[in-house]
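Asks: I have a structure I would like to understand better, so I am pasting it below and will then ask my questions one at a time.
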Amino acid sequence: MTTLIHFPVCTRMKHNALKRSRGMMTSLLLSLALFTGTVPTTIHAADQPPLVALASSFRDLWPELSQLYTEQTGQPAPRTSFASSGLLSTQIRHGAPFELYLSADESTVRMLFEAGKTRDTGVLLAHGTLSLIALSAAGESAMQQSPALPLLRDKLEHQQDFKVAIPNPRHAPYGKAAREALQSAGLWPLPSGHLLNAENAAQTFQFALTGAVDYAIVPDTLLHNATPALGTASLPTDSYQPVIHKMVLLESASPEAEQLFNWLQQAPAAAVLARYGLTPAH
C-alpha cells in the first residue's frame with residue numbers, strides 16, 4: 001500500500017507564511033523609515049550625530065543654536081526632525097529612533113515617560129508666547145490693536161470677510177493656546193470659513209506670509225526675522241495657558257545626545273532662546 005506524504009503541502013504553507021511574515025516585517029521597517037526619515041539601524045553609528053526631535057516652533061532658532069553648539073564643543077551639528085509636539089510624541093511611541101526630544105508641550109513628555117520611552121520627566125527649558133500677525137494694510141491694523149483680538153471681533157460684528165490660521169489644536173501646543181486665546185476673546189468657535197487649521201506652527205506662519213490667510217496666530221519664536229511688512233501684536237499672556245517647552249533624553253540616547261542635552265541648559269543656549277522670544281527657565 002502506498003503511503004501519501006503531505007510534506008510538500010506543509011512546506012508550501014510554511015513557505016507562504018514565512019513570506020507573509022517577512023513581507024510584514026519589511027513593510028513595517030519601510031513605514032518606520034518613511035515615518036521618521038531615518039532608518040532605525042543607523043542611530044548609533046559612530047559617524048552619526050544624535051537625532052533630535054524638535055517642535056516646529058524651534059525651526060527658526062535652531063540653526064543659530066546648532067551652529068553655536070558646534071563652535072563651542074567641536075561636535076557636529078545634530079540631525080533634526082521638525083513637527084508638532086503631538087506628532088513627534090506619536091512617532092516616538094511607535095519606535096522612531098530619536099535620542100533627544102524638545103517639546104512645546106510638557107504633557108507629551110510626561111506621557112512618554114509613563115510609556116517607558118524616556119529616561120526621566122525631562123527638564124524645563126523655556127516658556128513661549130503668542131502673537132497675531134498679518135501682512136500689508138491688515139498688518140498695520142493688527143499692530144494698532146491692543147489687545148489684538150478685538151480687531152477680529154470687530155470684523156465679525158461688521159460681517160467682514162477674513163480668514164485666520166492657527167496650528168491644529170489637536171496636536172500642536174501653540175494651537176491649543178491659540179484656541180484658548182480666541183475663547184477668552186469670545187471668538188471661539190469662529191464661523192465656518194473663517195478658520196484654517198495648519199499642521200504646525202511653522203506652516204501657520206507660512207500661510208500668513210504667502211497670503212493664504214489674512215491673519216495667523218503664531219509663537220513669537222518665529223518672528224525673529226520677520227519682514228517690516230509683517231504686522232504683529234502680542235496676545236495677552238493671561239488669555240491662554242503657558243506654553244511650556246520641555247527637553248528630555250530618550251532611552252536610546254547616546255553620550256553625544258547627553259552632551260547636547262547638558263549644553264542646551266547653559267547660558268549661551270539660554271541667550272539664543274531669549275533672542276527668539278522664549279523665556280529661558282534658568
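The values are calculated or read from the model by the stated rules, or taken from the named source; none is laboratory data. Quick caveat: nothing in here was measured; it's all calculated off a predicted structure. With ideal geometry, Cβ positions are generated from the backbone for all residues, glycine too; neighbour counts draw on all protein chains shown. For the accessible areas, the whole protein counts, side chains as well, though only heavy atoms, and no ligand, DNA or RNA atoms are used. Shrake-Rupley method; radii C 1.70, N 1.55, O 1.52, S 1.80 Å.
Asks: Once the piece of chain linking residue 162 and residue 77 is laid out straight, how much longer is it, given 0.36 nm per residue of separation minus the C-alpha distance between them?
Replies: Working: separation 85, 0.36 × 85 = 30.60 nm, distance 4.16 nm.
Here the segment from residue 162 to residue 77 would lengthen by 26.4 nm.
Asks: Given a Förster distance of 22 Å, report the FRET efficiency between residue 199 and residue 64 from their Cβ-Cβ distance, rounded to the nearest 0.05.
Replies: About 0.40, to the nearest 0.05.
Asks: Loop-only check: which GluC sites (Glu not before Pro) in the range 231-282 are DSSP coil with at most 16 other Cβ within 10 angstrom?
Replies: On the way: sites: 251, 256, 258; in loops: 251.
Passing sites in the range 231-282 are 251.
Asks: Also: May I ask you to compute the full-extension gain from residue 170 to residue 123, defined as 0.36 nm times their residue separation minus their alpha-carbon distance, rounded to one decimal in nm?
Replies: Working: separation 47, 0.36 × 47 = 16.92 nm, distance 2.39 nm.
So the chain would gain 14.5 nm between residue 170 and residue 123.
Asks: Positive end of the dipole of the range 169-282, charges at C-beta (+1 Lys, Arg; -1 Asp, Glu), about the Cα centre: which of 278, 232, 191 has its Cα farthest in that direction?
Replies: 191
Asks: With a probe of 1.4 Å, find how much accessible area the range 232-273 has per residue, and write the answer as a whole number in Å².
Replies: Numbers: 1710 Å² over 42 residues.
Computed with neighbouring chains in place, this is 41 Å² per residue.
Asks: Right, next: How much length is gained if the chain between residue 271 and residue 238 is pulled fully straight, taking 0.36 nm per residue apart and subtracting their Cα-Cα distance, in nm to one decimal? Each step should come with its number before you reach the end.
Replies: Numbers: separation 33, 0.36 × 33 = 11.88 nm, distance 2.47 nm.
My answer for the length gained is 9.4 nm.
Asks: Which trypsin sites (Lys or Arg not before Pro) from the range 156-247 combine a DSSP loop assignment with at most 14 other Cβ atoms within 10 Å? Present the calculation step by step, with values, prior to reporting the outcome.
Replies: Working: sites: 163, 170, 176, 179, 246; in loops: 163, 170.
The qualifying sites are 170.
Asks: For residue 115 and residue 188, what is the calculated FRET efficiency with R₀ set at 25 Å and r taken between the beta-carbons, to the nearest 0.05?
Replies: For R0 = 25 Å, the calculated efficiency reads 0.20.
Asks: Turning to a different aspect of this structure: When the accessible area of the range 178-282 is computed with all protein chains present and a 1.4 Å probe, what percentage of it is carbon and sulfur? It would help to have the intermediate numbers written out before the result.
Replies: Numbers: 2260 of 4590 Å².
So the carbon and sulfur contribution to the accessible surface is 49 percent.
Asks: So what does residue 64 come to for accessible area, using a 1.4 Å probe and Å² rounded to 10?
Replies: 60 Å²
Asks: In 10 Å bins starting at 0, how do the alpha-carbon pair distances of the range 178-282 split up by percent?
Replies: The calculated distribution, bin by bin, is 11, 34, 32, 17, 5, 0.
Asks: Quick one: compute the contact order of the range 156-263, relative version, from alpha carbon pairs under 8 angstrom and 6+ residues apart, as a percent. Display every interim value, and only then the final one.
Replies: Numbers: 121 pairs, mean separation 31.9, N = 108.
Normalised by residue count, the contact order of the range 156-263 is 30 percent.
Asks: Now, a different point. Modelling each spin label as a point 7 Å along the Cα-to-Cβ direction, I'd like the residue 251/residue 279 distance in nm, to one decimal.
Replies: If labels sit at residue 251 and residue 279, their model points lie 3.6 nm apart.
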